[in-house]
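Notes follow the structure.
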């Protein structure tokens, strides 16, 4: 733990003399990781094209977008939260809760836009609950968001129960909108969720890498105390990140509902792990302070393409899970491997 | 790992038997007319998309489907996720579309969320069959539901099964799941109708164990003390019947007085049947369910079956089936047949 702190201190942004050098070093290591991701992505694409006769089909890209777009959207606020050294495991439950709110209101005859507004508000409120408990009360985010993971899903279950909306006798969701589940943007093979993800990724990337707020997030993740002393409003940043996460995940819930033309309380169950996997594999350090949005976008592409290729090849889903798990382990071990080996050597020496 | 190896071996065997059986397709003395007999094309690919790839019940159904397609010179691709979610099944539907499959046989994890993807498949010319758990997509896509057993048949056959064992005489009770369970309540409704045929059998009460072993045991004990003259119990739920069987197994005096039957899983009930605590119970055969789904899918894809009410097709060794009219939220469907009765003579053959 102490050597970990020392590593962090080396990159301390408060230290004026080494600030630029430290940042350059960080950029270099991040860039190395992203080059690695590009290589992996090319590898996956070559593998898919070589092994599966249907991988090069243009519909593959559309299906890929349909399957991973709404998950990828949730990965963006998660990236920012992990940057600050926290985590939000309630994302997929929030997706399910907001979808259920939309569903239950629709079932009771509300029109679409007000129902969506309420569902997004629920997202903001749920996020604020996480934010208050983590940022204001200072509770550990992993425990808080495991709690809200269960809470949000439980509320969704109470709202919809065994009901799938639209139920028998209900109106269908607006056809112009549910079209996002079956048709790409005209003239392309881009799913609507893909484009929304890319736009949000650009916004997220600009905020994280080109604004004082983004630099503050890095600082919070690297050394919360130092960040606090240097005038960064650590708690406020964390609070609002959770609110943003709640709203974005609620939005993803709307998209999934439209994509499926329906919603049940269990929508998206278990996807929080996929979201975390994408973020970590994208090179965002679980300890905070390190990572880029470009890496996360590459990670999304790799996970999406790999899933398409393996499903087309009818590789057993258990083996698909093993491959995903192995990739995730690599993403944690490789960047931290040097430090881990150093720690191990020190321990052996002491003995 | 053993299962993976088993599936691999089964797949190899299936592909061998494709060769072996290819000359026999087109035979079959259909008893419903020549229009449907032997009209199945060769080389069809049917995607079986079970709820997940590990559920033993679904694995048996998939194997039934593989057997059916092997008999008609086609093949089955089993594709799904490890979790029972719509999100895990959608990529499999997409893969079926991209592979230009002839048909999809799916056990839906969600009644509606799969509809947009299945609609795309349907528009691409793929025939859709659902089994085990139906999809509810309104009018489209058109699909045939392979119903495991008729609701009325389940209710009436359980009463008949019990009547045979207690000589159609005495007090009986029902140990059900939740009081709100749609399936169970529908079956119980038909049980009551059927009981009118047995004037000497009297249904004294229905108790609800909520499909929870502890609750089921509590209500069972209450039932036994309230009705000391009870002769029979029907438990139309796998949790209820296995809990009661376990209790009877340790209370042989009760087991000697009261006959237990209902719907159960052979794997859970095997030891109680073999030691005589339970004589017989019912469930449908999941392997036959998949076999029928396989034939239905192949027949639809070949144009030798249709969704018209009364249209018929031949399902190999199971014989001929007729499409039943849509009713309520269920579209066109065929019913597998009477539930399979499990007793000491056959229970060892089933492992689900």
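Descriptive notes on the structure:
- Per the conditions (1) touching a residue at least 40 places away in the same chain (Cβ under 8 Å); (2) closer than 30 Å to residue B:123 by Cα, the sole criterion not satisfied by residue A:156 is (2).
- Scanning region B:154-182 for residues that are surrounded by fewer than 18 Cβ atoms within 10 Å (Cβ to Cβ) and modelled with pLDDT under 90 yields B:178, B:179, B:180, B:181, B:182.
- Among the criteria (1) under 24 Å from residue A:153 (Cβ atoms); (2) touching a helix residue (DSSP H, G or I) at 6+ places or on another chain (Cβ under 6 Å), the one residue A:221 does not fulfil is (1).
- Of all residues in region B:64-100, those satisfying the criterion of being over 21 Å from the mean Cα position of the chain (by Cα), within 11 Å of another protein chain (Cβ to nearest Cβ) and on the phi < 0 side of the Ramachandran plot are B:87, B:88, B:90, B:91, B:92, B:93, B:94, B:95, B:96, B:97, B:98, B:99.
- Check on residue B:201, buried (at least 22 other Cβ atoms within 10 Å of the Cβ) and over 17 Å from residue B:176 (Cβ atoms): no
- Condition check for residue B:107: over 25 Å from residue B:190 (Cα atoms), more than 10 Å from chain A (Cβ to nearest Cβ) and at pLDDT below 95: yes
- Evaluating residue A:229 against the criteria (1) in contact with a helix residue (DSSP H, G or I) (Cβ under 9 Å, 6 or more places away or on another chain); (2) touching a residue at least 60 places away in the same chain (Cβ under 8 Å) leaves one unmet condition, (1).
- For residue B:42, the conditions (1) modelled with pLDDT of 90 or more; (2) touching a helix residue (DSSP H, G or I) at 6+ places or on another chain (Cβ under 6 Å); (3) not in a helix (DSSP H, G or I) are fulfilled apart from (2).
Conditions tested, residue by residue: (1) within 11 Å of another protein chain (Cβ to nearest Cβ); (2) modelled with pLDDT of 95 or more; (3) buried (at least 22 other Cβ atoms within 10 Å of the Cβ); (4) in contact with a strand residue (DSSP E or B) (Cβ under 8 Å, 6 or more places away or on another chain).
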site	(1), (2), (3), (4)
A:240	no, yes, no, no
A:249	no, yes, yes, no
A:255	no, yes, yes, no
A:258	yes, yes, yes, no
A:264	yes, no, yes, yes
A:269	yes, no, no, no
A:291	no, no, yes, no
A:322	yes, no, no, no
A:329	no, no, no, no
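- Selection count where residues are within 14 Å of another protein chain (Cβ to nearest Cβ) and either closer than 17 Å to residue A:260 by Cβ or part of a strand (DSSP E or B) (or both), scope region B:135-149: 6
- Here residue A:314 meets each of (1) assigned to a helix (DSSP H, G or I); (2) surrounded by 13 or more Cβ atoms within 10 Å (Cβ to Cβ); (3) at the interface with chain B (Cβ under 10 Å from one of its Cβ atoms) with one exception, condition (1).
- Residues of region B:110-129 satisfying the condition of being within 26 Å of residue A:167 (Cβ to Cβ), more than 9 Å from chain A (Cβ to nearest Cβ) and in contact (Cβ under 8 Å) with a residue 24 or more places away in the chain: B:118, B:121, B:128, B:129
- For region B:298-315, the candidate set comprises residues that are buried (at least 19 other Cβ atoms within 10 Å of the Cβ) and in contact with a helix residue (DSSP H, G or I) (Cβ under 8 Å, 6 or more places away or on another chain); within that set, the residue that is nearest to residue B:149 (Cα to Cα) is B:315.
- A single entry from A:203, A:182, A:165, A:220 fulfils the requirement of being surrounded by 15 or more Cβ atoms within 10 Å (Cβ to Cβ) and without any contact (Cβ under 8 Å) to a residue 12 or more places away in the chain: A:182.
- Qualifying position, being in contact with a helix residue (DSSP H, G or I) (Cβ under 7 Å, 6 or more places away or on another chain) and more than 22 Å from residue B:286 (Cβ to Cβ), among B:97, B:104: B:97
- Selection count, region A:35-58, where residues are in a helix (DSSP H, G or I) and surrounded by 16 or more Cβ atoms within 10 Å (Cβ to Cβ): 8
- Picking from residues in region B:123-133 that are assigned to a loop (DSSP other than H, G, I, E, B) and surrounded by 20 or more Cβ atoms within 10 Å (Cβ to Cβ), the one that is nearest to the chain's Cα centre (by Cα) is B:132.
- Residue match in region B:173-187 (condition: farther than 30 Å from residue A:269 by Cβ, more than 23 Å from the chain's Cα centre (by Cα) and either in contact (Cβ under 8 Å) with a residue 12 or more places away in the chain or not in a strand (DSSP E or B) (or both)): yes
- Tally of residues being part of a helix (DSSP H, G or I) and out of contact with any strand residue (DSSP E or B) (no Cβ under 7 Å at 6 or more places or on another chain) across region A:70-103: 23
- The set of residues in region B:310-352 that are in a loop (DSSP other than H, G, I, E, B), within 17 Å of residue B:134 (Cβ to Cβ) and more than 14 Å from chain A (Cβ to nearest Cβ) comprises B:323, B:325, B:332, B:336.
- Only one of the numbered conditions (1) under 30 Å from residue A:61 (Cβ atoms); (2) part of a helix (DSSP H, G or I) is not met by residue B:81, and that is (2).
The values are calculated or read from the model by the stated rules, or taken from the named source; none is laboratory data. Model, not experiment: these values are computed from the prediction. Ideal geometry is used to build each Cβ from the backbone, glycine not excepted, and the neighbour counts take in all protein chains shown.
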